[in-house]
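Please find one structure pasted underneath; my questions will follow.
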Amino acid sequence: MQKIEKYNIEYEKPKVTLLQQSGLGVAEIAARTCYDSFESSENACVQNAMNSLDTEAINNIEESALLSNLAWVHHHHSIIEHATLSFLIEGTSRGVLQEHARHRLQAISVRSTRYTMSSVINAFVASVSLGVESERAYAFFLEKVLALNLFVITDEAYLAIEIRAIYDKFVFQYKRDPEFLIGAVAKSSLPFVQELQGDAQALFSALQNGKKKRNVGDGFKHIVSDNWKVDMVVTFNIRSLKNYFDLRDSGAAWFQIQWLAEEMKKVTPLKYLKLISKAHKS
């Protein structure tokens, strides 16, 4: 992950991988169907599509004059909805996720906090064995959470503030809820809390290696901030991707989602960018 400083705070940029691309062929077939103009295509597999359909060749089309004409001359973008791209995004923030949700026409699957918070909760439960009001307890928690690399902001001075707030939220809940441990730890791991009292490292290791409590984040999602990292897979049709790049790969966009749009554009094949980006137009 690339690190960069913004507003005197160090951030980590997201990593983006292109998982799949549907190709341009289906979009051209769709357009040719509208106009019944298969014979006019420069692609032989499209010319012959209604007589001998070669789907492999169609899915490997690199250029389509018709799609370019429709996109840039007639602005008929509905045709390119038949082409899609899927991206794996690693290490963006929940703040970006909130921005992403405003782009309706996408399929999005996101790393769940409910199922992936065990390590943070285990760090707190282990720290409590040193005494919930003890600075040693917080120091242990801070060390463990820093090692988990959970945040987009990487500036340790800032993270000390962020992690302290998380710890204080846990402490507040721990004091209020007599069944805190039951909600935080799998039933089979509860004996470790008594057996390893006072040995935070041994307790943390035992909890980490033990059975994970299902939906462990249900009672603790309130600790999460917009700085929390998320991974996600997003699938856009090309028309929606054009809208996304127009709005988010722009100086007016929030810098974190602008970074993400820039990384997505870097891995988007040129044949698609030619249809949706003026900077790449032939």
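Only one of ILE257, ILE276 is in contact with an Asp or Glu (Cβ under 9 Å, 6 or more places away or on another chain), farther than 22 Å from ALA27 by Cβ, of a type in the set (Val, Ile, Thr) and buried (at least 16 other Cβ atoms within 10 Å of the Cβ); which?
Working: ILE276 fails: farther than 22 Å from ALA27 by Cβ.
After applying the criteria, what remains is ILE257.
Restricting region 255-282 to residues that are at pLDDT 95 or above and in a loop (DSSP other than H, G, I, E, B), which is farthest from the chain's Cα centre (by Cα)?
PRO269
Right, another one. Are there any helices (runs of 4 or more DSSP H) wholly within region 106-186 with 3 or more residues that are touching a Ser or Thr at 6+ places or on another chain (Cβ under 6 Å) and closer than 14 Å to ILE223 by Cα, and if so which? Let's see the steps before the verdict.
Values: elements: 113-116, 118-128, 135-147, 156-176, 180-184.
Filter on region 106-186 gives an empty set.
Going by what's in this entry, would ASP231 be described as surrounded by fewer than 16 Cβ atoms within 10 Å (Cβ to Cβ) and under 30 Å from LYS265 (Cα atoms)?
Values: surrounded by fewer than 16 Cβ atoms within 10 Å (Cβ to Cβ): yes; under 30 Å from LYS265 (Cα atoms): yes.
It is true that ASP231 is surrounded by fewer than 16 Cβ atoms within 10 Å (Cβ to Cβ) and under 30 Å from LYS265 (Cα atoms).
Here are ASP249, ASP226: which of them is under 29 Å from VAL73 (Cα atoms) and either modelled with pLDDT under 95 or surrounded by fewer than 18 Cβ atoms within 10 Å (Cβ to Cβ) (or both)? Outline the logic, then answer.
On the way: ASP226 fails: under 29 Å from VAL73 (Cα atoms).
Just a single option satisfies the conditions, and that option is ASP249.
When residues of region 213-254 are filtered for being under 20 Å from ILE108 (Cβ atoms), more than 15 Å from the chain's Cα centre (by Cα) and of a type in the set (Val, Ile, Thr), how many remain?
Going through region 213-254 one residue at a time, the tally reaches 2.
Looking only at region 49-78, which residues are farther than 26 Å from SER277 by Cα and surrounded by fewer than 16 Cβ atoms within 10 Å (Cβ to Cβ)?
Taking region 49-78 and keeping what is farther than 26 Å from SER277 by Cα, we get 49-56.
If the condition is that a residue be farther than 26 Å from SER277 by Cα and surrounded by fewer than 16 Cβ atoms within 10 Å (Cβ to Cβ), then MET50, ASN51, SER52, LEU53, ASP54, THR55, GLU56 are the ones that fit.
Also: Answer with yes or no whether TYR174 is more than 30 Å from the chain's Cα centre (by Cα) and at pLDDT 95 or above.
Numbers: more than 30 Å from the chain's Cα centre (by Cα): yes; at pLDDT 95 or above: yes.
Yes; evaluated as a whole, the condition is true for this residue.
Any residue in region 110-124 that's more than 19 Å from LEU88 (Cα to Cα): show its pairings with residues that are of a type in the set (Phe, Trp, Tyr) and surrounded by fewer than 18 Cβ atoms within 10 Å (Cβ to Cβ) at Cβ separation under 8 Å, as long as the two are six or more apart or on different chains.
What qualifies is PHE124/TYR174.
Which count do you get for residues in region 65-105 that are in a strand (DSSP E or B) and under 18 Å from VAL267 (Cα atoms)? Quick ask: steps written out before the conclusion?
Filtering region 65-105 for residues in a strand (DSSP E or B) gives 84-93.
Of the ones still in play, those that are also under 18 Å from VAL267 (Cα atoms) are 84-92.
Here the count works out to 9.
Can you name the residue in region 119-158 that is crowded, with 19+ Cβ neighbours inside 10 Å and among the small types (Gly, Ala, Ser) and, of all such residues, is modelled with the lowest pLDDT?
Per the stated criteria, the residue is SER129.
So which of GLU28, GLU39, GLU62 is in a loop (DSSP other than H, G, I, E, B) and not aliphatic (A, V, I, L, M)? Spell out how you get there, then give the answer.
Working: GLU28 fails: in a loop (DSSP other than H, G, I, E, B); GLU39 fails: in a loop (DSSP other than H, G, I, E, B).
Sole residue among the options that is in a loop (DSSP other than H, G, I, E, B) and not aliphatic (A, V, I, L, M): GLU62.
Criterion first (part of a helix (DSSP H, G or I), modelled with pLDDT of 95 or more, within 23 Å of HIS76 (Cβ to Cβ) and among the hydrophobic types (A, V, I, L, M, F, W, C)) does LEU241 satisfy it? Show your work before the answer.
Values: part of a helix (DSSP H, G or I): yes; modelled with pLDDT of 95 or more: yes; within 23 Å of HIS76 (Cβ to Cβ): yes; among the hydrophobic types (A, V, I, L, M, F, W, C): yes.
In short, yes.
Right, another one. Quick check: anything in region 100-117 crowded, with 20+ Cβ neighbours inside 10 Å, at pLDDT below 95, within 15 Å of the chain's Cα centre (by Cα) and not assigned by TED's automatic domain parsing to the domain that holds PHE192?
Taking region 100-117 first, the residues crowded, with 20+ Cβ neighbours inside 10 Å are 100, 117.
Those still in the list that are at pLDDT below 95 too: 100, 117.
In the following step, the residues that additionally are within 15 Å of the chain's Cα centre (by Cα) were identified as 100.
From what is left, the residues that are not assigned by TED's automatic domain parsing to the domain that holds PHE192 are 100.
Scanning region 100-117, I find at least one residue that is crowded, with 20+ Cβ neighbours inside 10 Å, at pLDDT below 95, within 15 Å of the chain's Cα centre (by Cα) and not assigned by TED's automatic domain parsing to the domain that holds PHE192, so the answer is yes.
Also, quick follow-up: Run ALA57 past the list (1) more than 25 Å from the chain's Cα centre (by Cα); (2) modelled with pLDDT of 95 or more and report the number of the one that doesn't hold.
Of (1) more than 25 Å from the chain's Cα centre (by Cα); (2) modelled with pLDDT of 95 or more, only one is false for ALA57: (2).
Another question, then. Can you name every residue in region 191-221 that is at pLDDT 90 or above and crowded, with 16+ Cβ neighbours inside 10 Å?
PHE192, VAL193, LEU196, ALA200, LEU203, PHE204, ALA206, LEU207, GLY210, PHE220, listed by residue number.
Taking the condition of being surrounded by 16 or more Cβ atoms within 10 Å (Cβ to Cβ) and closer than 29 Å to PRO14 by Cβ, how many residues in region 159-183 meet it?
Residues in region 159-183 being surrounded by 16 or more Cβ atoms within 10 Å (Cβ to Cβ) and closer than 29 Å to PRO14 by Cβ: 6 in total.
The values are calculated or read from the model by the stated rules, or taken from the named source; none is laboratory data. Worth saying up front: this structure is predicted, and the values here are computed from it rather than measured. Cβ: placed from backbone, ideal geometry, glycine included. Neighbour counts: every protein chain shown.
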